[in-house]
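Down below is the structure, laid out as structure tokens.
The values are calculated or read from the model by the stated rules, or taken from the named source; none is laboratory data. Treat the numbers as computed from the prediction; the structure is a model and nothing was measured. Neighbour counts run over all protein chains shown; Cβ positions are idealised from the backbone, glycine included.
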């Protein structure tokens, strides 16, 4: 990176807002990078602090060069990226994305508690399903609902931003009911302990007509990795090995 006072001259600028590298920023960068000639510079503006850690790793992965990072207005930072010489990198990058596998490790700690480790994050997981009003940690079912809600909320905002629709407020409310949670507790054998249905509502305030927002929401549901995983009944194969 430039250790002096010279700010690189950008050939194009894109604003990633509050998105991080895992929730749509990289797609915005790729779209903005396409018209930039090989060797050209793209300025990426972002208010998300985790980008400072994740963007350099992505640049190294695909072959671009992160020239400099500069403070912007308020909490925003500007990242100056020089495009690599060959556009073949985009094809290779997409192939890496196509075959990428997410991983998680979950270690039992004590009682009805476990700790999950994913990438550079760690968080506590409580009971598989809890009926108490308070618990030391969210239940596994609650994490599932939260993950689904996050996938939908961020996915909707990202798609709206790509269409130039300003979103001012957005919230996804979800609730789920098990087919028969007593199967999990070992009290009954009929039915199954899995979720019978997930219901919810998207509350959104945005600069667009309701028809446009509805179409955007339907596309978000159709392209949501978690929504489509649930509706398509993904096979689960987890083997047992003695430690």
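Here are the numbers for the structure shown:
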read-out	value
Qualifying residue in the range 52-59 (condition: out of contact with any strand residue (DSSP E or B) (no Cβ under 9 Å at 6 or more places or on another chain), over 17 Å from residue 14 (Cβ atoms), part of a helix (DSSP H, G or I) and assigned by TED's automatic domain parsing to the domain that holds residue 18)	yes
Qualifying positions in the range 107-130 - farther than 26 Å from residue 22 by Cα and free of Cβ contacts under 8 Å to residues at least 40 places away in the same chain	108, 109, 110, 111, 112, 113, 127, 130
Complete set of residues in the range 19-49 that are surrounded by fewer than 14 Cβ atoms within 10 Å (Cβ to Cβ) and part of a loop (DSSP other than H, G, I, E, B)	22, 34, 35, 37, 38, 39, 49
Count of residues meeting criterion [surrounded by fewer than 11 Cβ atoms within 10 Å (Cβ to Cβ), in a strand (DSSP E or B) and either touching a residue at least 40 places away in the same chain (Cβ under 8 Å) or outside the structural domain of residue 42 (by TED's automatic domain parsing) (or both)] in the range 70-106	1
Filter result (under 16 Å from residue 161 (Cα atoms), exposed (fewer than 12 other Cβ atoms within 10 Å of the Cβ) and either in contact (Cβ under 8 Å) with a residue 60 or more places away in the chain or in contact with a strand residue (DSSP E or B) (Cβ under 7 Å, 6 or more places away or on another chain) (or both)) within the range 199-222	205
Options 139, 173, 161, 130; residue that is at pLDDT below 90 and either over 30 Å from residue 33 (Cβ atoms) or surrounded by fewer than 16 Cβ atoms within 10 Å (Cβ to Cβ) (or both)	130
